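Encoded as structure tokens, the structure appears first; notes follow it.
The values are calculated or read from the model by the stated rules, or taken from the named source; none is laboratory data. In this text the structure is predicted, and so the values were computed from the model without any measurement. Neighbour counts are summed over all protein chains in view; Cβ atoms, including those assigned to glycine, are modelled from backbone coordinates with ideal geometry. In case anyone asks, the SASA skips ligands and DNA or RNA and just uses the protein heavy atoms, side chains included. Shrake-Rupley method; radii C 1.70, N 1.55, O 1.52, S 1.80 Å.
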Amino acid sequence: MGKNLTKRSEDYSKWYNELVVKADLAENSAVRGCMVIKPYGYAIWEKMQAELDRMFKETGHQNAYFPLFVPKSLFEAEEKNAEGFAKECAVVTHYRLRNDPNKPGKLMVDPEARLEEELVVRPTSEAIIWNTYKNWIQSYRDLPIKVNQWANVVRWEMRTRLFLRTAEFLWQEGHTAHATKEEALQETELMNNIYAEFAENFMAIPVVKGSKTESERFAGALETYCIEALMQDGKALQAGTSHFLGQNFAKAFDVKFATKEGGLEHVWATSWGVSTRLMGALIMTHSDDNGLVLPPNLAPIQVVIVPIYRSEEQLEQISEVANELVKDLRAVGVSVKFDDNDNQKPGWKFAQYELQGVPLRIAIGPKDLEKGTVELARRDTLSKEFVNRSEVVEKIKALMTEIQDTLFAKAKSYRDDHISEVESFDEFKKVLKEKGGFISAHWDGSSETENKIKELTKATIRCIPFDRKEEAGNCVLTGNPSVGRVLFAKAY
């Protein structure tokens, strides 16, 4: 129940871990570093998938599916990409087990079944996809290719946390091919904007759009655009990335196309993705000490109706009203559940749905039947009010929008209050220790300075904001000239 959660102020990490499990979102599995996403958690992910998939398709993208396994020779074809992921790769070396002659009933890897070439379990799919694109692209008429896949990937992690960092996770990855650099850059920006729109309009999470520094870019990319969000503990979370890959992968896999003018050129590429990490962002942005808080646009159940009764006759009368209400709400696109299960008492149900973040709860008892009212309880503000039955559907429709907007406004207010401009490194360290959040500071543009700040404070450059003011200044660490501020933060 929500009251048993550790308070955020006491131990934010423990609060998060408890909430994920108690709200029935996910749990650790028997496989080290991997999680089981439970039905309620997966229902939220499905809502995310559905909205993103719609947005992708509206911008001309199509879904496909590519193999889980990547031959090592293909994986290492683009050297920077291979080097960037090498330490996180799971590798298949054998294709068969056999009975262990020394341990009856047990199995062993068959030493005679070693693969001629090792297979990398995909940490990302650029290699296998660009090897495939070589067969798809001959002419400018074949371009652009705008493909997305919903898949799982494996990146071996030593320290894991449900949704935020697991050895296997779910995601989507888009991979596009273009005839010109300009078109590929436009695609990179477009997808970053789509991620920002999704985060703000559906997740109710305000984000900063920007580009990554060279050391923070995706391995093999010339540019990485990102959206950065701020969690309630003052740490940043990278919520989505979009990469301009230039011609790196086209050259690595010799993907060329005949131009309109009759020449032969390498294709320009992008890739972009978001993952189940968004679930972690959703939880940490809005939830409180009572449990999960979900924005209506992503809540699997937007409204739950709980009957309060003492006799079967009362339940029957309440059910008649409740079922009519269910029908009316569904007719206007509101997802609703009537919980008439008699295994648990109303008080238990109230606490459980509060813990699971259902945006609105309706309670109907005998007195409500007499008065022609229902009790509405909001999850975001924990406020209650009585509403006439004749007005309740329109009221709930309006509240869906109001709750969504309120959650965004609250998160934005917190984020804006936690963007601190600093001029000195002492001030930088003080804000990082006492307040957290984004620190807006001048940086001299060198990787050496970036790495030194990370070494001294554990804060990284989250992004170079697209909307930053171009202003001369002095680097917060070295005092060297700077052309503008960047955002630093400790991050997940």
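What to note about this one:
- Residues that are more than 16 Å from L282 (Cβ to Cβ) and open to solvent by 60 Å² or more (accessible area, probe 1.4 Å), drawn from segment 2-14: K3, N4, K7, S9, E10, D11, K14
- Of the criteria (1) polar (S, T, N, Q); (2) in contact with an Asp or Glu (Cβ under 6 Å, 6 or more places away or on another chain); (3) closer than 30 Å to S215 by Cα, which one S73 fails: (2)
- Residue tally, condition open to solvent by 30 Å² or more (accessible area, probe 1.4 Å) and either touching a residue at least 12 places away in the same chain (Cβ under 8 Å) or in contact with a strand residue (DSSP E or B) (Cβ under 6 Å, 6 or more places away or on another chain) (or both), over segment 428-442: 2
- Looking only at segment 393-407, and only at residues there that are touching a Pro at 6+ places or on another chain (Cβ under 9 Å) and among the β-branched types (V, I, T), the one that is nearest to G333 (Cα to Cα): T401
- The set of residues in segment 89-138 that are under 30 Å from A219 (Cβ atoms), out of contact with any helix residue (DSSP H, G or I) (no Cβ under 7 Å at 6 or more places or on another chain) and of a type in the set (G, A, S) comprises A90, S125.
- Flag for S424 being of a type outside the set (V, I, T) and without any contact (Cβ under 8 Å) to a residue 24 or more places away in the chain: no
- So F249, is it assigned to a helix (DSSP H, G or I) and either among the β-branched types (V, I, T) or under 25 Å from T59 (Cβ atoms) (or both): yes
- Residues that are polar (S, T, N, Q), open to solvent by 20 Å² or more (accessible area, probe 1.4 Å) and part of a helix (DSSP H, G or I), drawn from segment 178-217: Q186, N193, N201, S215
- Residue count for segment 218-229, restricted to those that are more than 17 Å from A184 (Cβ to Cβ), modelled with pLDDT of 95 or more and not in a strand (DSSP E or B): 0
- Breaking point among (1) open to solvent by 70 Å² or more (accessible area, probe 1.4 Å); (2) farther than 19 Å from G333 by Cβ; (3) in contact (Cβ under 8 Å) with a residue 24 or more places away in the chain; (4) assigned to a helix (DSSP H, G or I), for L382: (4)
- Test result for K260, without any contact (Cβ under 8 Å) to a residue 24 or more places away in the chain and farther than 25 Å from E27 by Cβ: no
- Listed by position, the helices (runs of 4 or more DSSP H) inside segment 256-372 whose residues that are within 25 Å of the chain's Cα centre (by Cα) and surrounded by fewer than 21 Cβ atoms within 10 Å (Cβ to Cβ) number at least 2 form an empty set.
- Within segment 83-110, considering residues that are open to solvent by less than 60 Å² (accessible area, probe 1.4 Å) and touching a residue at least 24 places away in the same chain (Cβ under 8 Å), the one farthest from the chain's Cα centre (by Cα): T93
- Filtering segment 15-50 to residues that are surrounded by fewer than 17 Cβ atoms within 10 Å (Cβ to Cβ), touching a Phe, Trp or Tyr at 6+ places or on another chain (Cβ under 9 Å) and more than 17 Å from S275 (Cα to Cα) leaves only D24.
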